[in-house]
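The values are calculated or read from the model by the stated rules, or taken from the named source; none is laboratory data. Bear in mind that the values here come from a model prediction, so they are computed numbers and not experimental data. When the accessible area is computed, the model is the full protein with side chains, heavy atoms only, and any ligands, DNA or RNA have been set aside. Shrake-Rupley method; radii C 1.70, N 1.55, O 1.52, S 1.80 Å.
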Amino acid sequence: MSKHRDTMRALTEARPDRLEPDSPPVDPGVLMAYPRNEERPRKRVRRLAVAGVAMAAAVAVGVTVLAQPDPSPVTKMPAAEEPATDLLLAAASRAEAAPQRTGRYWVIRAEHGGEGRRLVEERWFAVRDSDPSSGYFRDESGTWTARPMRGRHTFLLAGQERSMAELAALPSDPDQLKTKLLQWHRDGNRDEYLFYAGVGLTLDLPTSPGVRAAAYRMLAGLPRLDRVGTVTDPLGRGGIAVGYSRRGDSGAMSQQRLVIDPESGRALALESWTGGKLMLWDAMLHTAFSDSPLPEATSLR
């Protein structure tokens with residue numbers, strides 16, 4: 001079994017029991033699989049940093065995913081020669097200018113891929129505890145299936161479960177945001193933890209424009225964050241990217257790459273590269289608040 005399949009299995013084992021669905025389908029109750037520190041050996045924690053939880057769950061329960069060739073025209077991991085600071089600060093200014101919105105649901109549609117597979121899902125997270133939450137999964141025929149979520153509606157921030165209220169209370173000052181996040185840090189590499197927390201806050205978590213801007217500015221101050229430059233993400237969208245590089249347990253260099261739309265400051269995707277090859281990705285198709293009720297699966301396109 002390959003290292004990446006081992007990683008996917010580890011991610012599946014890391015899921016809390018309460019997030020397991022009543023029936024075979026994948027439970028959508030967890031966002032991106034950043035490192036889970038609690039009750040895991042440090043070596044396992046590092047390996048969890050480079051994979052998407054939806055793909056892990058898909059492999060574990062046999063969800064049908066669509067075959068796809070290498071989704072990126074970039075076949076080599078570019079050598080970064082310039083700092084990423086200017087790109088992130090520009091993204092912060094654009095993100096900060098976005099209007100503040102709220103709604104009954106936080107809605108995400110995303111594609112997760114790797115090793116020739118991809119999974120498309122849409123998740124509706126209720127802002128109020130009295131409302132139900134649900135996930136929807138698209139099979140290879142284009143048919144959507146609803147999978148209601150059970151239990152508390154929480155989000156993963158750098159591998160730790162956080163409530164909507166905790167995310168809403170995060171400060172919009174980058175130094176204060178960093179201080180708050182470090183209060184939640186338990187073990188492992190501090191900068192790596194802050195990187196994944198910053199990625200989550202900019203990519204798919206229900207945060208305000210001010211918090212997203214603060215997250216970009218916090219990322220700009222991290223060491224070992226490189227400017228990758230102009231790229232095309234797995235869905236063919238143009239963007240700019242910054243990368244966090246580290247040497248993995250096998251000795252190979254890996255890079256986690258955050259792709260950003262330079263016009264809007266919106267984070268488009270998180271990619272995992274190893275040995276110059278794109279291995280896994282989480283690409284956002286849509287993230288927004290909605291006041292609509294939960295849709296019927298048959299109404300999704």
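Worth a mention:
- Each residue of the range 113-119 was assigned a 3J(HN,Hα) from its phi angle through the Karplus curve 6.51 cos²θ - 1.76 cosθ + 1.60 (θ = phi - 60°); the sequence is x, x, 6, x, 10, 8, 9 Hz, with glycine and proline shown as x.
- Database remark: amide H of residue 84 closer than 5 angstrom to the amide H of 227 (H placed geometrically; neighbours at sequence offset of 5 or more, or on other chains; Pro and chain starts carry no H).
- For residue 143, the accessible area of its heavy atoms, probed at 1.4 Å with every protein chain present, is near 70 square angstrom.
- Within the full protein context, the accessible area of residue 96 is estimated at about 90 Å² for a probe radius of 1.4 Å.
- Rounded to whole numbers, the Karplus 3J(HN,Hα) couplings from phi for the range 240-248 are 10, 9, 10, x, 10, 10, 7, 8, x Hz, using 6.51 cos²θ - 1.76 cosθ + 1.60 with θ = phi - 60°, and x at Gly and Pro.
- Rolling a 1.4 angstrom probe over the range 148-300 with all protein chains present gives an accessible area of which 47% lies on carbon and sulfur atoms.
- With all protein chains in place and ligands, DNA and RNA left out, the 1.4 Å accessible area ranks 153, 112 as 153, 112, largest first.
- Amide H contacts of residue 276: 77, each under 5 Å away and 5 or more positions distant or on a separate chain (H built 1.01 Å from N in the peptide plane; Pro and chain starts excluded).
- Order of exposure, largest accessible area first, which applies to 122, 140 with probe 1.4 Å: 140, 122
- In this entry, the range 179-218 is assigned a mean projected area of 2.8 nm², taken as a quarter of its C-alpha convex hull surface.
- Along each principal axis, Cα extent of the range 123-245, largest first, Å: 43, 35, 28
- 3J(HN,Hα) from dihedral phi, the range 131-142, Karplus parametrisation 6.51/-1.76/1.60, rounded to Hz, x for glycine, proline: 8, x, 10, 8, x, 9, 10, 9, 8, 5, 8, x
- For the set 102, 179, 145, solvent exposure ranked by accessible area (probe 1.4 Å, protein chains only) runs largest to smallest as 102, 179, 145.
- With an a/c value of 1.5 or above and a/b not larger than b/c for the gyration tensor axes a ≥ b ≥ c computed over the alpha-carbon atoms, the range 79-143 is described as oblate.
- Carbon plus sulfur fraction of accessible area for the range 86-136, probe 1.4 Å, in percent: 47 percent
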